[in-house]
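Below: the structure, in structure tokens.
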Amino acid sequence: MKRETIERLAMDRALGELNEDAATLFETYLAEHAEARQWAEPMTQTCIRTRQAIAQKTQPSSAQLAPPKPFRVDWSALARWAAVIAVAAILGAAIGRRSAPSPTPEPETVIVRTVPRQAGAEGWRRVLGETEEGFWQTKAVAMLQSQPREVQRSTESGPSLWDRYRQFRKERSREKVY
Amino acid sequence: MARTFQTEFDQFWRQTCGKVRAYMFCASNSASDADDLAQECYLRAFRNWDRFDERGSRQAWLFAIARNTQTDWFRKRGRDARVLERSLVERASEASPPELDDAEALWRAIGRLTAEHREIVHLRFGADLSYDEIARTLNVPVGTVRSRLHRALKAIREQMEEVRNET
């Protein structure tokens, strides 16, 4: 056989394109003809190495390809999500109802009665007794201490720090006056 | 009906995606480009699924689409067949570094082949198509496929011998 024929047959055999009978015949021929073997070998090697080189380049990347998942509606997953959302909504509503302020807040009036000190009368008498208006002053202070005061506590907004300071100053000045 | 088609296409995709991507990679030498090309190819196949003649090979039909996809894609990117060929030759002709391994040298040798020979090598070794499938894809006789492949492999061998002699 000619060199080209040998090479082509070698190529066909390396690529698996020869049927079994033809491959056996070709093997027998090569075994008997050393020169034909020398021609066939380089072609076989070229086929093998070309396949390896291309596989080395392309296979790692193509192996990364994952088959696409066809879009399907997963009803069980949807039901699970719906249940989670419903539970979250119920919990949220319950927590919100507990933490919300009462719908109609009414200002409550608290009567604060200043209890005179145990030794109030005597104490005052001791302090103010030496002054000219000792009796009247003592009586006025005692009346002031026992007088009930009304403090309006509003839920809307409490007195500011400035208001409380002014009230404190007013009381102090009143005490000084008496 | 739609479900059957979906399953059929999915199965076909699983069978051929590796081959198509390898074929695209051989042509573009880029993983991302190969992915784009393969995706475009399957999109076209999906759209034209009903236009396939059942007497032929579905795989050969797909690779005919793949070829057209390659051509259109490179043209769209301003790289027509000639430019692509030139770039491949230039890339292949770059001075080979001494540590270049055998596989890389062979890859470059493939890049130096003519477009006709390179394509047949890509279809045979990249896409792993049989002679018959290549013949159907390229619409040429099987004998032509054999002779082209033989010449291509011979050219690769000669170039590899040159490289070996240079080093």
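The values are calculated or read from the model by the stated rules, or taken from the named source; none is laboratory data. Computed from a predicted structure; not experimentally measured. Counting neighbours? That spans all protein chains shown, and the Cβs are built from the backbone with ideal geometry, glycine included. Areas reflect the complete protein model, heavy atoms only, side chains present, ligands, DNA and RNA absent. Shrake-Rupley method; radii C 1.70, N 1.55, O 1.52, S 1.80 Å.
Kindly indicate whether A:GLU20 is within 23 Å of B:ASP128 (Cβ to Cβ) and modelled with pLDDT under 90.
Against the criterion (within 23 Å of B:ASP128 (Cβ to Cβ) and modelled with pLDDT under 90), A:GLU20 qualifies.
So, B:PHE46, is that one at pLDDT 80 or above, open to solvent by 50 Å² or more (accessible area, probe 1.4 Å) and in a helix (DSSP H, G or I) or not?
Taking the combined requirement at face value, the residue satisfies it.
All but one of (1) closer than 20 Å to B:GLU161 by Cα; (2) at pLDDT below 90 hold for A:ALA10; which doesn't?
Checking A:ALA10 against (1) closer than 20 Å to B:GLU161 by Cα; (2) at pLDDT below 90, the one that fails is (2).
Every residue in the range B:137-150 that is part of a helix (DSSP H, G or I), under 19 Å from B:ARG58 (Cβ atoms) and open to solvent by 20 Å² or more (accessible area, probe 1.4 Å), please.
Residues satisfying the conditions are B:LEU138, B:VAL142.
Given the options B:LEU153, B:LEU88, B:LEU106, B:LEU100, name the one that is in contact with a helix residue (DSSP H, G or I) (Cβ under 9 Å, 6 or more places away or on another chain), more than 23 Å from B:THR16 (Cα to Cα), part of a helix (DSSP H, G or I) and at pLDDT below 80.
None of the other options fit; the residue is B:LEU88.
Being within 11 Å of chain A (Cβ to nearest Cβ) and part of a helix (DSSP H, G or I) is the filter; apply it to the range B:124-136 and report the residue that is surrounded by the fewest Cβ atoms within 10 Å (Cβ to Cβ).
So, considering only residues that are within 11 Å of chain A (Cβ to nearest Cβ) and part of a helix (DSSP H, G or I), the one surrounded by the fewest Cβ atoms within 10 Å (Cβ to Cβ) is B:ASP132.
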